[in-house]
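Any read-out appearing in this document is the output of simple, stated calculations on the displayed coordinates, not a laboratory observation. No experiment lies behind these values; they were computed from the predicted model shown. Neighbour counts are summed over all protein chains in view; Cβ atoms, including those assigned to glycine, are modelled from backbone coordinates with ideal geometry.
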Amino acid sequence: MAGGTAVVLDPRMLAHDPGFGHPERPDRLRVLLEHLEGAPSLLRLGTRPATEDEIALVHTPAHVEHTAATAGHRRVALDPDTATSPGSYEAARLAAGSVLVACEAVRAGEVANGFALVRPPGHHAERARAMGFCLFNNVAVAATALRRSGVGRVAIVDWDLHHGNGTQHLFEDDSDVLYVSTHQYPYYPGTGAADEVGIGAGAGRTVNLPFPAGFGDAEYAHAFREVVTPVVRQFAPDFILVSAGFDCDYRDPLGGMSVTAAGFATMAQALHTVAQETAGGRLVAVLEGGYDLEAIVEGVDVVLDVLRGDDRARPPATGEARHAERVLARVRAAHASYWKF
């Protein structure tokens, strides 16, 4: 396998503008474009829009058509939080396609791993609707495409502040896709309780860690050490996707968590290690939420450092591990018949 960490980043995704004062603003990507310009030791991959057929792997034709119909229109409200501008549809196709490009390059062995820096985000998008700032479910499109290309098992780990309701629902009956989410709870979108474990053949393949507001580096590190990493390791994925939201950063205006760069590094290191153990290192991170510009830049930087091999221990700067135990006890109880802890 070729070495190197790739990034996928396209200024055309700036064309998505949900409106004045909206948290999911173009500046979220603009700061990354400026920050990473000329960055050493990063490989740049080209981008392409996902085709409508690729998007329809997880979304209904009606949803794809409805979103496509917004192209060229000044503003269309898809839900109370989610609106489009004339360029949003093409930006959303590029977001989904960028994740596909990263996954294809990693699967082909052209690069070791990658980070798709995309917007609009995707993990709230349901099969038949946009919601929560998300038009298409970028990670779900990629996971489904990977499975169709012959990848046996895919693990999706989502550390965004919010629960990825769309991703959970798209795979909750699928035994070959594991979805693990840490998220503030109760909070938008209201899903993600510990007893939501998947259905049918997918029972046990949905692992929710619903955190109260205030958790920081130590709680997240403890949860990854005691629950997330053991479950992902037992699942033994052939490919890992990370829904990397940075809205659990202590500075985020929409969140109530206290994670710092040290916490993001610890989570990324845990998943990077498991990817090397079970998946030949195949891992692609995908930008989800995060609405403080400095936090986004710092979070992306530290994850890229880890993907490039930085395994320095970073002591937690916030939180106390013991505070997570009550949540972890509920998660262990819900999954006692599926996983060993």
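Can you tell me how segment 17-107 classifies by the Cα gyration tensor, rounded, prolate or oblate, using a/c under 1.5 as the rounded cut?
Details: a/c = 2.74, a/b = 1.26, b/c = 2.17.
Here segment 17-107 falls in the oblate category.
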Only helices counted: for the chain, with every DSSP H run of 4 or more residues adding -39500 (n - 2.57) and the sum spread over all residues, [θ] at 222 nm is -10500 deg cm²/dmol
Packing rank of 266-275, 160-169, where each peptide gets the mean count of other beta carbons within 10 Å, highest leading: 160-169, 266-275
Would you mind pulling out the separation of the Cα centroids of segment 16-82 and segment 200-230, in Å? 28 Å
For Kirkwood radius over Cα pairs in Å, one of (i) 21.3; (ii) 19.4; (iii) 24.4 was computed from the structure I shared and the rest are decoys. Which label? (ii)
